[in-house]
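The values are calculated or read from the model by the stated rules, or taken from the named source; none is laboratory data. Since we're looking at a predicted model, the values are computed, not measured. FYI the Cβ positions are ideal-geometry reconstructions off the backbone, even for glycines, and counts take in every protein chain you see.
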Amino acid sequence: MRLAQATDVRWSRKIADTILGGRNAEGEHEFVLERWAYVPGMLLMAVARAGVQLAEPEYLTFMERHMNTFIGEDGSIRTYSLEEYNLDQINQGKNLFWLYQNTGETRYAEAAHLLVAQLIGHPRTSEGGFWHKKIYPFQMWLDGSYMASPFLAEYGAVFQRPELIHEAAHQLLLIERRTRDPRTGLLYHGWDESREQEWADSSTGLSSHFWSRAMGWYAMAVVDCLEHFPVTHPQRGTIIGIFQRMCGALVDVQDKETGPWYQVLDQAGRKGNYLEATGSCMFVYAMAKGLRLRYLEPSFKDSMLNGYEGILAHLTSEDEQGVHLHRICHGAGLSKDRNGSYDYYISEAVVSDAPMGVAPFLLASLEVERYGDD
């Protein structure tokens, strides 16, 4: 593997130690969960995966301690409301499977049953696609594919509900078919079946641009779902095929000089555009995992490694506090005041060290290291 472990300590361990070691000015731990939410849930999952891969019990305890502040003895989830019908609220539930399988405590299973009940009754488009949220009627976003589909697939595998694995496949295939641009092979951020939203094209219902992190969500969703599909699943090969096709489109817009990807993927060189950390980390994660599990052909190895090396060279720094990740788009979405234009995507705040970026950075590092060890 060309990407040598440049120091005696792996990047994954350095990132995880930075997360666990963070303290605010009062000496309190910076990572405090106030509500059940998708970003801290992803960070907890990343740290827990580091705990398994690096055989570090402290990392797993970190995840378990934070999850236990939400999960009641009866499986209820503090601050969660099923009737909100928000796909974002499913993501933190991915941590429940490890907890249930490794502790045997039924409360974790009950919490997972509660979340899957939301998805079974979730509002849908006419073709059965999940609305991103109840407050976003008839809208499918790439973001939602990551929030819900891997949870469904793993739930189906753990609790022997194959129909839910079928549902996860349906969601992945539907949103790809609805959002894919045949010219570039890239996926638009969102699609409005009703064509009512200000950001939606009146004829196609599509948003206007290819946002890096949106495609990152989808790329991660595919590899995380496939891991739980039986090899005999009738749509497994199709999904692997569209994943490889999509990764080919991502290679085409990768910055060949530096390695990472731009905030607006196909607008390299346009004023205001910038190399963005979260999408870049998500693509590296998906490609590395896809290579390891043979969903991708070996020809993708160089692009994956170039992406990761570029992240380390251009988007990270280190000091006595640990590892820092820069050029993180703080947040972006689609709504009346978030119109999906180019100017909108480049206007959102760009920050450092936000969990939104640190979590995929840790996930990517774990997968790159695992791929290199195989």
Candidates Glu227, Glu196 - the one that is more than 17 Å from Leu173 (Cα to Cα) and surrounded by fewer than 24 Cβ atoms within 10 Å (Cβ to Cβ): Glu196
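Is it the case that some residue within region 345-366 is among the charged types (D, E, K, R), under 30 Å from Leu33 (Cβ atoms) and surrounded by fewer than 23 Cβ atoms within 10 Å (Cβ to Cβ)? Outline the logic, then answer.
Step one: filter region 345-366 for residues among the charged types (D, E, K, R), giving 348, 353.
Okay, now just the ones that are also under 30 Å from Leu33 (Cβ atoms), so 348, 353.
With the extra rule that they be surrounded by fewer than 23 Cβ atoms within 10 Å (Cβ to Cβ), the set shrinks to 348, 353.
Scanning region 345-366, I find at least one residue that is among the charged types (D, E, K, R), under 30 Å from Leu33 (Cβ atoms) and surrounded by fewer than 23 Cβ atoms within 10 Å (Cβ to Cβ), so the answer is yes.
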Subset of region 315-341 (residues that are β-branched (Val, Ile, Thr) and farther than 30 Å from Lys133 by Cα): Thr316, Val323
Unmet criterion (only one of (1) in contact (Cβ under 8 Å) with a residue 60 or more places away in the chain; (2) charged (D, E, K, R); (3) out of contact with any Asp or Glu (no Cβ under 7 Å at 6 or more places or on another chain); (4) in a helix (DSSP H, G or I)) for Asp302: (1)
Count of residues meeting criterion [assigned to a helix (DSSP H, G or I), out of contact with any Lys or Arg (no Cβ under 6 Å at 6 or more places or on another chain) and closer than 20 Å to Gly41 by Cβ] in region 145-171: 16
Test set (1) surrounded by fewer than 16 Cβ atoms within 10 Å (Cβ to Cβ); (2) modelled with pLDDT of 95 or more; (3) assigned to a loop (DSSP other than H, G, I, E, B) - Asp266 fails condition number: (1)
Conditions (1) touching a residue at least 12 places away in the same chain (Cβ under 8 Å); (2) in contact with a helix residue (DSSP H, G or I) (Cβ under 9 Å, 6 or more places away or on another chain): number failed by Lys271: (1)
